[in-house]
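To start, the structure under review is shown below, and the notes come after it.
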Amino acid sequence: MKLRYSPEAMSRISQLGHHDIVEFIEEVSPASRRDIYKHLGRVPGFRSGSPADFKERQKRLVAHILSSPAGHDPKDWAVFGMLWSTWISERFEVDIPHTDESGNFFENAPSYLTFVSETFPNIPRESVERIMTFSRFPEEIHSLKELTLFRTASTIARDSLLDELPLSIKSLEQRIAAIEASASDGQENLKQINTSPVLVEQRIESVAKKFDDQNQLTEMLKLEVDKLAYAMLEIEQRVQQLGNTLEQIKSLKEDTLAPNTSTHATDQSIIDILERMDSIQRVFDAESKTSNARVLPNLVMKDFQGPFEDLHKVQDVCELIATNLQAVGVVKGCAFPMSRQIVAALVSGQLIQFSGSLAELISESIVAAVSGPIFHEWRVPVGLVSDECAAYCIEMVGKKSNSLLLKSANLSAFEVYGASIREIIVKRQFGFDGNRNYSFFTSWVSGPAAFPDGGSLAELGPVFDTDTLRMRSAKAETPSLRFGRLAKENWYQLEGFEAPDPDVISTELTEFLTDINFEGGAFWRRLVKSSYTHLRVISSASCSEDLKAISDLYLLPWARARGESVKEIRERVVSYLEHLQQ
C-alpha cells in the first residue's frame, strides 16, 4: 500500500537536511532496506544486489528527497513511505494501520494521532514526534495538540514501575525470607565449628575413661589423631579455628607423659602420636606462610542479575550482541555486522579485543551478552615480569565462570605476562583444546605507559577500534542491556551455521593475502582462516565485506604491531576489493 506525501510534508522533510534524513533511514535494518530498495529503478554500472548497488540506491534516494519540490519523484516518496512504515514496525513491533475502519486513508494528522493514542497508548510522545516529523501529513508538529494525548517515555516508565511495585515487593519479601533462612543455617554451622574443639576433647576423655588397658588407649588415640588430621586438611581456610583445636589437644601432652604409664612400649607409642601431631602443625604453619607470601592478581568475580536468555543458535548470539551494542549507543547499521564478526571470533576461540576511547564500555556490553551468569575481570597493572598472575586467572576462570575480561591489557608486555593465555589460543586454533565454553576479552588503553598498538596481543584475535564506530545522537532512544548465557557445551556447537565449502573459502582468503603480499606468520594465517571460515557460514554478508572485515580487524592491526607500512597495505587492500566488486 503506497503512501502519498503531501507537498508540505515533502518540503518539511527536505528542510531537515542530509544528516537527519540519513540517520532516520539507517535506523531501519539493512535487510529491510535491501528489500525496499528493489522498488527503485536499476542503477546503471552497478551489479544488482551488490553492496555498492545498495549504497548507490540509498545515496540517490536521499539526494532526490533533498531536491527542490519541483524535482520530487512520486516513486522515491513511495519508497520513503515504505521506510517510514518499516521504521515504526521495527521500533515498536506493531503494524499501525494507515486507514480507518472504512478502509480510507487518514486525511490529516489529528485523526491519525487520535486513532494511534486510543489503539497504542504506550508509545512514548518523543517517538510519536519523530514519526510525525517524517510522516506524509502536511501539519507542522508544533501545531498538533493531539500530541498531548501521549505520555512521555519517563512517565510510561514511572507508571510501569508503579504497576510492577506490588510484584517487586513480594519478590523482595521472598528474598529477605531466603536470606534470613540462610543466615540461620550459617549461625548453626558456626556454632558447630566453635564447639568442635570441645567435642574433640570430650571424645578423647571418654576414650580414656572407657579403656583401662594402655594398649587399647594407644590404638584409639592413633585413630582419633588420624581423623583430626583429615579434618584439618579439609578445612584449610579455617586455620585459626583449627589452631585453637590443636592447642587444646597439645594440653593433653603433659597429662599423657605423666609418670603413671605402665610400660616403656606404651610410652614410646604415645610419644610417636604426639610427634605426628607436631608434624601436622608444622605443615599447616608452612602452608599458611606460603599462602600469605603469594602475590595474587586483582581478579574480581562479577555476576549479572539477569534475567538470562539461553543461547542455542548463531542468530540468537548475533541478535543479543547487536542489541547490547545499540544499548551503549552504536547505530544499528554498525551493530549487526560487528556482531557477526564477534561471533566468528568467539566460535574460533580467539582473543576478542577493543581499542579506542570506548573500549571498556563496548567490551563490558559484549561480555554481558555472552558470559552470564558469572565472569571474571582483571585489570592488568604496569610492569608485570612473569605469567604467574595470568596462570592464576585462567585457573579461576576454568573453575567458576564463563569468561575473562582483561582491562588495560597493553599496560604490560603480553609476551611476558600472557604466555598461559597465548598457549590456550594457539591450541584452540589447532583443535587441541576442546574446552571453548569460556572466552577471553581485552580492552586497550592509550598513553605513554601503554604498549603502542598492543604489541603481540594483535596476533591473537580481532581488534575493534571503537573510535571508528558510528554512534547514535544523544537524543536517540536506545534499547535496554540484555544478558545471555551459552546453552551448549562449547561455542562451536551453536546451531544455525550454513554448510561451508572449504575449498572455495580457502581459495578466497589465499588469493586475497597473496595479492596484497602479506605473510603475517603461520599461526596468524591459521587464526585468520578459522575466523574467515566462520564468517562465511554466518549468513547476510558478501565475500568482499568479509574480506574487508579481515583486513580491518586482523591484518592491519597485526601489520601495525609488526612495524610494517600500514598505508601501502591498505592501498593494496582497497585496490583488490574494488576489483573484486566489478
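For segment 355-432, which chymotrypsin sites (Phe, Trp or Tyr not before Pro) are in a loop by DSSP, counting at most 14 other Cβ atoms within 10 Å? Present the calculation step by step, with values, prior to reporting the outcome.
Working: sites: PHE375, TRP378, TYR392, PHE414, TYR417, PHE430, PHE432; in loops: PHE430, PHE432.
Those satisfying the criteria are PHE430, PHE432.
Sequence gap at least 6, Cα distance under 8 Å: using those rules, report the relative contact order of segment 430-582 to the nearest whole percent. Before the final figure, lay out each step's value.
On the way: 91 pairs, mean separation 49.3, N = 153.
Dividing the mean separation by the residue count of segment 430-582 yields 32 percent.
Quick check: the distance between the Cα centres of segment 459-525 and segment 530-549, to the nearest angstrom?
For segment 459-525 versus segment 530-549, the Cα centre distance is 8 Å.
In segment 1-82, which trypsin sites (Lys or Arg not before Pro) fall in coil by DSSP and have 15 or fewer other Cβ atoms within 10 Å? Walk me through the numbers before you get to the answer.
Working: sites: LYS2, ARG4, ARG12, ARG33, ARG34, LYS38, ARG42, ARG47, LYS55, ARG57, LYS59, ARG60, LYS75; in loops: LYS2, ARG4, ARG42, ARG47.
The qualifying sites are LYS2, ARG4, ARG42, ARG47.
5 Å is the cut-off here: which amide hydrogens, built 1.01 Å from N in the peptide plane, fall below it relative to ASP501, excluding neighbours closer than 5 in sequence?
It is none; the list stays empty.
According to the Cα gyration tensor, what semi-axes, each the square root of 5 times an eigenvalue, does the equivalent ellipsoid of segment 437-537 have, listed from largest to smallest in whole Å? Intermediate values should be presented prior to the final figure.
Working: eigenvalues 154, 115, 53 Å².
One finds semi-axes of 28, 24, 16 Å for segment 437-537.
Keeping all protein chains in place and using 1.4 angstrom, which order do CYS543, CYS393 fall into by accessible surface area, from largest down?
On the way: CYS543 30, CYS393 0 Å².
Sorted descending by solvent-accessible area, the residues read CYS543, CYS393.
Note down the accessible area of MET10, probe 1.4 Å, to the nearest 10 Å².
About 30 Å², ignoring ligands and nucleic acids.
For the pairs LYS38/LYS332; LYS2/LYS38; LYS313/LYS529; LYS145/LYS332; LYS332/LYS475, flag any whose C-alpha to C-alpha distance is greater than 24 Å. Intermediate results must be reported in sequence, preceding the final value.
On the way: LYS38/LYS332 21 Å; LYS2/LYS38 15 Å; LYS313/LYS529 22 Å; LYS145/LYS332 32 Å; LYS332/LYS475 15 Å.
Flagged as over cut-off: LYS145/LYS332.
Over all directions, the average projected area of the alpha-carbon convex hull for segment 80-147 comes to how many nm²?
Working: hull surface 17.6 nm².
So the mean shadow area of the Cα hull is 4.4 nm².
I'd like the Karplus ³J(HN,Hα) series for segment 40-51: coefficients 6.51, -1.76, 1.60, θ = phi - 60°, whole numbers in Hz, and an x wherever there's a Gly or Pro.
For segment 40-51, the Karplus-derived couplings read 7, x, 5, 8, x, x, 10, 6, 4, x, 7, x Hz, x marking Gly and Pro.
Could you list which residues have their amide H under 5 Å from that of GLU309, counting only those 5 or more apart in sequence or on another chain, with H placed in the peptide plane?
Excluding prolines and chain starts, which carry no amide H, the hits are PHE483, GLY484, ARG485.
What does the convex hull of the Cα atoms of segment 329-391 come to per residue, in Å³, rounded to a whole number? Each step should come with its number before you reach the end.
Values: hull volume 7.6 nm³, N = 63.
Taking only Cα atoms, segment 329-391 has a hull volume of 120 Å³ per residue.
Please list log₁₀ I(q)/I(0) at q = 0.11, 0.15, 0.19, 0.21 Å⁻¹ for segment 299-418, using the Debye equation with identical point scatterers on the alpha-carbon positions.
Values, matching the q order: -0.39, -0.72, -1.11, -1.29.
Kindly sort PHE134, PHE92 by accessible area of their heavy atoms, largest first, with the probe set to 1.4 Å.
Working: PHE134 5, PHE92 45 Å².
Per-residue accessible area, sorted high to low, gives PHE92, PHE134.
Check which residues have an amide H placed less than 5 Å from ASP465's amide H, if you skip close sequence neighbours.
Excluding prolines and chain starts, which carry no amide H, the hits are SER355.
Tell me the trypsin sites (Lys or Arg not before Pro) within segment 453-487 that lie in a loop according to DSSP and have at most 10 other beta-carbon atoms within 10 Å. Intermediate values should be presented prior to the final figure.
Working: sites: ARG470, ARG472, LYS475, ARG482, ARG485; in loops: ARG470, ARG472, LYS475, ARG482.
Listed in order of number, the matching sites are LYS475.
The values are calculated or read from the model by the stated rules, or taken from the named source; none is laboratory data. None of the values given here were measured: they were computed from a predicted structure. Counting neighbours? That spans all protein chains shown, and the Cβs are built from the backbone with ideal geometry, glycine included. We work out accessible area using only protein heavy atoms, side chains counted, and drop any ligands, DNA or RNA first. Shrake-Rupley method; radii C 1.70, N 1.55, O 1.52, S 1.80 Å.
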